[in-house]
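Remarks on the structure that follows.
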Amino acid sequence: VRQFKKYNKKPSSDYKCPVCNETSSEIKSRGGFHKHQPKDGWAVDVDHKTMTVRGWICDYCNNMIGRSLDRPHVMERGAEWIRQHRSI
C-alpha cells in the first residue's frame, strides 16, 4: 500500500506512456480516450502476481497488458499477428 502513495498525483501533461510513447494529447488527437468515459487516460500499472507497481502507463496499454494476463508471449504473438495481417 505504501508504494501507491507516490502514484497519487497524475503524470504531467508532457508525460509519455513508456509503452506506446505517446502523451495524453497525442492519444486524444488520434481518437483515444472515449468521450463517454470520464477517464484522463492514465493508469498505475501493477504486476498482479507480486502486487508491485510498475509505474504510470496509458489506459490503452494497461488494458492490453492486463488482457494478456501479463504474458509477454501473448503480446509478442499478437504483434506478429498484426504484422502478418496488416493491409498495406
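The values are calculated or read from the model by the stated rules, or taken from the named source; none is laboratory data. These figures come from a predicted structure and were not determined experimentally. As a convention, Cβ positions derive from the backbone with ideal geometry for all residues, glycine included, and neighbour counts pool all protein chains shown. For the accessible areas, the whole protein counts, side chains as well, though only heavy atoms, and no ligand, DNA or RNA atoms are used. Shrake-Rupley method; radii C 1.70, N 1.55, O 1.52, S 1.80 Å.
Surface exposure of region 45-88, expressed per residue as accessible area with a 1.4 Å probe, stands at 78 Å². Remark: spin-label model distance Lys9-Arg77 equals 4.3 nm, labels positioned 7 Å along the Cα→Cβ axis. Here Lys6 sits with roughly 150 square angstrom of accessible surface, probe radius 1.4 Å.
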